[in-house]
């Protein structure tokens, strides 16, 4: 096994496992930057995974190769609808953010499995036929060494995710919308006195997180698990949150942190193919992402370094 | 003043009703008859003495995990790690019970309780210490611990347990008569349900926790730190120490819940594929019960009815998972209680107005 | 010739539930004048101005801007009418730059992107025109309070404000910064702006205002020309009865040294030194007042002495024993009491009952508890007794502390601490946010403690309070004691000089 092949396996599987995390952590970033903690990302990912698989199974015949991509959009819409629950509860009804998010995490798997049984009569769906396969970048994959590692047998949606994180960074830090969104998460009262609609901004943040979280779940289902059941999403939503914190609520940072966590997750799966790593008992590789999350949080982050008004409900007095 | 407490007391009831309504709506959307569905649920739940026994059997672990969440909440901590803590309690107590098949029951029972609770406490101490000393968010750490404990427990079953203790690759043999929580009297009056002494342990736990919080300096300190850590520090209460103690208590209670599941409900240990549901259901119990001992008791009763009755809905073809949707909805409505409290006083006024118009 | 009224408020009333915050207030502000609104804490001045700036809407009454009746139902509406508010608690986003804070809500955009360069140019022009020096790319959290205030002012000017409302602008400024601000106000008026100044500081009114309207308990009392009025007259108008500025007290009779701080070094949260080798002594039977501007190490000093913050080096000797880095309870058990500067954050647990709060320092000892079990009968009885003795007014000892008014909450804290009969009493900002009656009572109580032979250390940002209550005044600047003077032998000016690091 050559070094190039080892890197190729590592990079491509890292990207594959990181992609759902990238999308979801970007979503979390927008939500928390507007001041709404969204612990329910796990539940939104579940709904995204569920809806994309159902869409895929139903419409694979109609859309062929484009199915997984269209399913992403569908999952984004479903994620958006689900996130509205959280938005209404926290923004309009002053619910505690953590509890509302946990309600989503309870509701999503229950609802999803319920519907799987209603639609298909069993607890786990069939495998989808149209998944995100491996992708070879035309031309680029012919470059010696680099081409083989980065551009061959890799994940196209992964590169899309990286592109999206740059776009997200631009929106958050260079546009008027981004400035206002961030102001609402830092000092909603100040923003209010300047005529900014705090509620609207927070809704935007949560809805964006719903769309991206749904897409994240859909990517996971259509690229990694290729079906859906109650145990498809197992903590990825929370790991995405950790990536967001590790990335200091910055889209590029969240993306890089997601790559890191993606690498850690992928090692437990592809580790057997790689010398040295294959000799580590699999349980260590399996718990590695979770242990790493704890270590990262404990060592690098004391109390909140996030947006100042994050998690605090804003109440307008009239 | 009285109005306010009546309003607040109505919230759980309204939340429950709303949750059931939402479940009914979802059933209707997908073509099921909610009235038959709920009817089947109730007849399954109360139909015979066996299922009534199962209800009380189910209440044991739920009360314990509910208390776990409530105790942590009093200290200002959000303990989402109860699944992992319960699992740690379960596997450690079963392992101990299986490893000492000849120990007299009078020693085994207390020891197994202590060991299970201790392991739960240790698992909770980690997020507790991280929060106390480094301010690390216990929300994510406890969630991560759930997965870590889950994976390690599977590994232990496959590679760590002595083969003599295994009944199959994924499950152990049953614990002996010296360790089981089942009781022949209880089993017989409930027509062979899995009812066990766990419910009594849970009730004792409720009483102890209630006394601690109402009457002791420890309870006072936990409440103080949960309400205002700064003022507590100024008053000489160590918030670090209090946070860790309350997480130890929470973990111990959840671990105890796992012990009851292990030695009462199942009487063995088998590989788990996802987080124990009693963990999250415990959170739901505590929230609906508003973290109060009586509330937790009643909420556990309600949720047990739902859980035990759910399979009955299969008669009309309704998947049992709808019950989890109902539970989640109930918690949603508890979460937005501010709105419910605001709307409530309007209703009697509107009724009076209508009557005035007539 | 009557100058036109640029703002007129006619019979403006604001009611919150059952509480009447503003009761038929009349106000006329002429163009180009500096018009002061004078009133005590809670009189209703801020509420009135919040209606003018669009944060609140009147329950009844009219507001006229430049002679026309207007409905000001949002801050942007007010802004469009040329009204800008410089808030007492700055509405600034710490994590943003000066420029971002100024343009927020009014951003210039170029091709979808924020045009920061253009904004910076405009800001620099404004800042030069009005003498408001700022660094556009500095982060707000890194600039000092005076600069932050200038950003607040620029925010209003950037939006074309012609009528500026200043809400208690000098509360957080050094004496030098205050003089600068008064100059800025005169400049603004020269450039054609009109200013409404909300304040309870009498000398500032006399220094810069043309006319003053006195607000008392939600009503407008009268409007007078400032010229020719003495501070005493203005104070009596504000309070409604004659005021003595000085609390009667006998001379101090200091005894042994109770608190002996030697070369104390304390770091602040970011690692720099906040207290730099500070030494100070407090005797039994005397009140030592620490005067200084917020942020010069007083908070760290107090927290270090009471065990809430780490001592890097130096000694804190209480009755001869060095308690540096002792745990808070060890220090309180040495008969040290602490009335903290933020009663809501550090002094009380608002959700707990008054009785439980009063027991916060002693709940773990008999007779309030035995072997870890609390005796609520004793706790409640003790609280009832103290509430009577210290005039803490509330429905009962069983209501949550949040139900008490600010003054009564503070009295409850004082009751708790003084009842323990401490040898050393440390008090921070004892009368912050309280009305005149409560202030009078608390000062009396502190002097009583001193007369009973206790050592009292008072930290306050209010010079009047320090001068009134202290036997000796230690001025703190940049973490060190600049000088120690007696109230009789010094003036506010001299104290002001010491407070900014000058020598006496």
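Using a 10 Å cut-off on Cβ atoms, rank the peptides B:277-284, C:107-114, B:83-90, A:142-149 from the highest mean neighbour count down.
On the way: B:277-284: 25.9, C:107-114: 12.6, B:83-90: 32.8, A:142-149: 14.1.
Result, highest mean Cβ count within 10 Å first: B:83-90, B:277-284, A:142-149, C:107-114.
Taking N as the number of residues in the range A:18-240, what is its Cα Rg relative to 2.2 N^0.38 Å? Intermediate values should be presented prior to the final figure.
Numbers: Rg = 18.4 Å, N = 223, 2.2 N^0.38 = 17.2 Å.
Its radius of gyration relative to the 2.2 N^0.38 Å reference: 1.07.
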Once Rh for the range B:166-323 is found with the Kirkwood sum over Cα pairs, what is the Stokes-Einstein diffusion coefficient at 20 °C and 1.002 mPa s, in µm²/s? 117 µm²/s
If only Cα atoms are counted, what is the Rg of chain B, and what is its Dmax, in Å? 21.7, 80
Testing the spin-label approximation: label points 7 Å from Cα along Cα→Cβ at residue C:494 and residue C:10. State their distance in nm. 5.5 nm
Please check: in the Gaussian network model of chain A (C-alpha springs, under 10 Å), which one of A:213, A:271, A:28 has the largest mean-square fluctuation. A:271
How crowded by other chains is B:151-162, given as the mean number of beta carbons from other chains within 10 Å of each beta carbon? 2
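Return an integer: the convex hull volume of the alpha-carbon atoms of the protein assembly as shown, in Å³ per residue.
Numbers: hull volume 259.9 nm³, N = 1180.
It is 220 Å³ per residue.
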Could you tell me how many cubic angstrom of Cα convex hull volume the range C:5-239 has per residue? 126 Å³
Quick check on the protein assembly as shown: of the DSSP beta bridges with both residues there, what percent are antiparallel, nearest 5%? 60 percent
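Convert 25 °C to kelvin, take the viscosity as 0.890 mPa s, use the Kirkwood radius over C-alpha pairs of the range C:298-395 as Rh, and evaluate the Stokes-Einstein diffusion coefficient in µm²/s, rounded to a whole number.
Working: Rh = 15.2 Å.
Estimated via Stokes-Einstein, D reaches 161 µm²/s.
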Angle check, please: helix A:282-300 long axis (alpha carbons) against the longest principal axis of chain A (alpha carbons), in degrees 0 to 90, nearest 10. 30 degrees
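Based on DSSP H runs of at least 4 residues, each adding -39500 (n - 2.57), what is the mean residue ellipticity at 222 nm of chain C after dividing by all its residues, to the nearest 500 deg cm²/dmol? Provide the component values of the computation, followed by the final result.
Details: 16 runs with 158 residues, N = 504.
Value at 222 nm, helices only, nearest 500: -9000 deg cm²/dmol.
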Sort C:200, C:89 so that the residue with the fewest other Cβ atoms within 10 Å of its own Cβ comes first and the one with the most comes last. C:89, C:200
Using only the alpha carbons of the range C:1-112, determine the length spanned along each of the three principal axes and report them from longest to shortest in whole angstroms. 48, 39, 23
Tilt, helix A:156-174 to longest principal axis of chain A (alpha-carbon atoms), in degrees rounded to tens, equals 30 degrees
Viscosity 1.567 mPa s, temperature 4 °C: give me the Stokes-Einstein translational D for the range C:343-421 in µm²/s, with Rh taken as the Kirkwood radius over C-alpha pairs. 106 µm²/s
When the helix-only estimate is applied to chain B (DSSP H runs of n ≥ 4, each -39,500 (n - 2.57), divided by the residue count), what is the mean residue ellipticity at 222 nm, nearest 500 deg cm²/dmol? -24000 deg cm²/dmol
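Whole number please: convex hull volume per residue, Cα atoms of chain C, in Å³. List each step's numbers first, then the result.
Details: hull volume 88.4 nm³, N = 504.
Output value, Cα hull per residue: 175 Å³.
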Run the Debye formula on the Cα coordinates of the range B:41-130, all scatterers equal and no solvent, and tell me log10 I(q)/I(0) at q = 0.12, 0.26 1/Å. -0.52, -1.19
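Mean separation of Cα pairs under 8 Å and 6+ residues apart, divided by the residue count of chain A: what relative contact order is that in percent? List each step's numbers first, then the result.
Details: 600 pairs, mean separation 122.0, N = 318.
After rounding, I find 38 percent.
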Calculate for chain A the 222 nm mean residue ellipticity that helices alone would give, adding -39,500 (n - 2.57) per DSSP H run of length 4 or more and normalising by residue count, nearest 500 deg cm²/dmol. -22500 deg cm²/dmol
With axes computed from alpha carbons, what is the tilt in degrees of helix C:116-130 against the longest principal axis of chain C, rounded to the nearest 10 within 0 to 90? 90 degrees
By the Cα gyration tensor axes a ≥ b ≥ c (a/c under 1.5 gives rounded; else a/b larger than b/c gives prolate, otherwise oblate), the shape of the range A:1-150 is oblate
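Calculate the all-directions average of the projected area of the range A:197-259's alpha-carbon convex hull, and give it in nm².
On the way: hull surface 20.0 nm².
Computed as one quarter of the Cα hull surface, the answer is 5.0 nm².
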Below 8 Å between Cα atoms, with a sequence gap of 6+, how large is the relative contact order for chain B in percent? 37 percent
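Rule-based calculations on the coordinates, nothing more; no lab input. Note that the structure is predicted; figures quoted are calculated from it, not measured. Glycine gets a Cβ as well: all are built from the backbone with ideal geometry, and neighbour counts include every protein chain shown.
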